[in-house]
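Scroll down for the structure; my scribbles are underneath it.
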Amino acid sequence: MRDGDAVLVESLEPDPAKVRYINDRLFEDLEAKGVAPENRSKLCFTLERPDGEVVGGIVGDIRWNWLKIESLWVHAALQNQGAGGRLLARAEQHARALGARFARTSTYSVQALPFYLQHGYAVQAAVPEYPPGEKKYYLSKLLDVDGPASDLSWGG
C-alpha cells in the first residue's frame, strides 16, 4: 500500500470501533517489536451514600506493571476528611495485588497536587499554560515502598 492510496477522513466524533481498531493495531505493533502484552485490567471504586448517590470515586487501569489513575473525584462536602486517601489506598492495594509496582496520574495546579504529594507521588513533568494561567502535572509513585517517587531510577 502507498500513502497516496489512502484518503484522509476527519471525524470530530470518533467511531468507537475505529478507535478500538487503531489502538489494537498499535499494541499489535508493540508486541511484534518484543514488548510484552499489556494485560490491561480496569478498576473503578466508588464511595456511595445509603441511597446510592455516588459521592466519590477513582477510575483507572493497570497495564504492564503500572497503575494509571484516570480520575479521582470526591464531593466537596467530603474533601479533606480522608475520603480521597481511602480511594487512592484501595486502588493502590488492588494494583499491587495484580503485580503493579508503579503508579502514575496527572492533575492541574488548581486541583489535587498537594494531595498526591502528601500520598507519596512525585512530579515528573509540568506543562505550563494548560489550562491557560495554570499547569498540568504528571506524577508517579513507586508502589513497592512508601514515600516519594523522585528517586526512581527510570533507566534508559
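Every number in this text was worked out from the coordinates using simple rules, so none of it is lab data. Since this is a predicted model, take the numbers as computed values, not measurements. Glycine gets a Cβ as well: all are built from the backbone with ideal geometry, and neighbour counts include every protein chain shown.
Sorted from fewest to most neighbouring beta carbons within 10 Å, what does the list 121, 137, 130 look like? In increasing order of surrounding Cβ atoms, one gets 130, 137, 121. Computed from label points 7 Å out along Cα-Cβ, the spacing between residue 6 and residue 80 is 5.2 nm. Helix 16-32 and the long axis of the chain differ in direction by around 80°, with both axes built from C-alpha atoms. A simple spin-label model places pseudo-atoms 7 Å from Cα toward Cβ; at residue 46 and residue 90 they are separated by 1.1 nm. Measuring nothing but how far apart in sequence close Cα pairs (under 8 Å, 6+ apart) lie, relative to its length, the chain scores a relative contact order of 14 percent.
Suppose the chain between residue 98 and residue 13 were pulled fully straight at 0.36 nm per residue; how much longer would it get relative to their current alpha carbon spacing?
On the way: separation 85, 0.36 × 85 = 30.60 nm, distance 3.42 nm.
Taking residue 98 through residue 13 to full extension adds about 27.2 nm, to one decimal.
Can you tell me the orientation of helix 83-97 relative to the chain, as the angle in degrees between its alpha-carbon axis and the longest Cα principal axis, to the nearest 10? Around 50 degrees separate the two axes.
With the Cα gyration tensor of the stretch 14-97 in hand, convert its eigenvalues to equivalent ellipsoid semi-axes via √(5λ) and list them largest first in whole Å.
On the way: eigenvalues 206, 52, 16 Å².
Values for the stretch 14-97, descending: 32, 16, 9 Å.
Under the convention that each Lys and Arg Cβ holds +1 and each Asp and Glu Cβ holds -1, the size of the dipole of the chain around its Cα centre is about 440 debye.
For 59, 7, 35, what's the fewest-to-most ordering of other Cβ within 10 Å of each Cβ? Before the final figure, lay out the partial values.
Numbers: 59 17, 7 5, 35 11.
Sorted ascending by nearby Cβ count, the order is 7, 35, 59.
Please give the length that would be gained between residue 130 and residue 32 if that part of the chain were fully extended, namely 0.36 nm times their separation in residues minus their C-alpha to C-alpha distance (nm, one decimal). Before the final figure, lay out the partial values.
Details: separation 98, 0.36 × 98 = 35.28 nm, distance 3.52 nm.
My answer for the length gained is 31.8 nm.
The ellipsoid that matches the Cα gyration tensor of the chain has semi-axes, each √(5λ) in whole angstrom, of 31, 21, 19, with the longest given first.
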